[in-house]
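What follows is a set of notes on a single structure, which appears directly below.
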Amino acid sequence: MNHMVFGNYLPGHSLLHCLHPSGKIVGLVLLITWTLLANNWANYAVLTVMILALVKMAQVPFGMLFSSLRPFVWLIAFTVLIQLGFGHGGTTYWHWGPLNVTSVGVTTAGLIFVRFLLIIIVAMLLTVTTSPNAIAKGVETLLTPLKKLGVPVAMIGIMLSIALRFIPTLLSEMQTIMNAQRSRGVVFNGGSLWQRVKNVLSLIIPLLVSAFRHADNLADALGASGYDASQPRSSYYQYQWHLLDTLALVGVFLIGVLVVGLRGV
C-alpha cells in the first residue's frame, strides 16, 4: 500500500498503537491546543520535532502519511494566500490595491501553514493508530460522567464509530465518482465559475445518494441483528490504563509547558 486515505486505520504493534484510546484522544486535544497557542518559530520547531517523532514511533512511512494530505492542500493554500495578501506591519514587499505583502504577513502565513500541517498530521496519527471502535470506546469512556445527566453516551459512541468507519469509504467513492465524471469529459479545475459549480454538483449528488444507500443498508443490518441502542453493550476488547499511558500524557503536558514558555521568545 503506497497511498493512505485520511481516516484509515493501519493495524500495527507500535508504541502508539498500544496506548489507551482515551489517553490518545486527550493527547490529541492537548497537542492541538499547544499548536494553537504557539506563536513563533521556536514553538513550532519544538512541536514539529515531537510530532515527527510520534510519526516515527507509529511506524507509518512519511511518504504515505504526507500523501494523505492532498485533500487539504486547497484549504491550506487558500488560508495562507489570504494571510499573505492582506498582511500588515513590517517591511512592505509588494502593494497593489487592497493587496499588501509585508514581512509580518509572510511570517504569519508561514506559521499558519505549519500550524495547519501539524494539526492535520496529529489528527491522522490518531486515526492511523486507533481503530474506529477504539476511538468510539475512548470517547464513551471520557463521556461516562455525563451518564448521570441523562446523556446517551453509548449512542454517541456508536454514532462516532459508524461515522469514522465510513470516512475512508466515502472518500474512496468520491475519487471513483470523480474518475467516472472525468471519463465523461467533466473538468473540475477549469471553465467558468458557473461551470465549476455544475461540475461540483455532478460530484456531490452521486456522493449523497451513495451515503444514503450505505445508511439504509446499515440500518437494515442493525435491525436484522436485533441491535437495540437502549440496551447496554459489551465489548470484545477490554482497554486497560497502564503506566505508559500516564507517562505519555505527562510528556505531552511538559511539551505544552515548554511551548507556553517559548511564547515570549
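Here is how the numbers come out for the structure above:
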| quantity | calculated |
| --- | --- |
| Packing-based order for 12-23, 52-63, using average beta carbon neighbours within 10 Å, highest first | 12-23, 52-63 |
| Reachable lysines, given that their alpha-carbon falls under 20 Å from the alpha-carbon of residue 24 and they are not under 8 places away in the same chain | 56, 137 |
| Exposure proxy ranking, count of Cβ atoms within 10 Å, fewest first, for 173, 140 | 173, 140 |
| The stretch 158-228 - Kirkwood radius from inverse mean 1/r over Cα pairs (Å) | 13.9 Å |
| Among 131-139, 248-256, the order from most to least packed when residues are scored by Cβ within 10 Å on average | 131-139, 248-256 |
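Throughout, read-outs are computed from the coordinates displayed, never taken from laboratory work. Computed from a predicted model, the values in this text were never measured in an experiment. Positions of Cβ are backbone-derived with ideal geometry, glycine not excepted, and every protein chain shown enters the neighbour counts.
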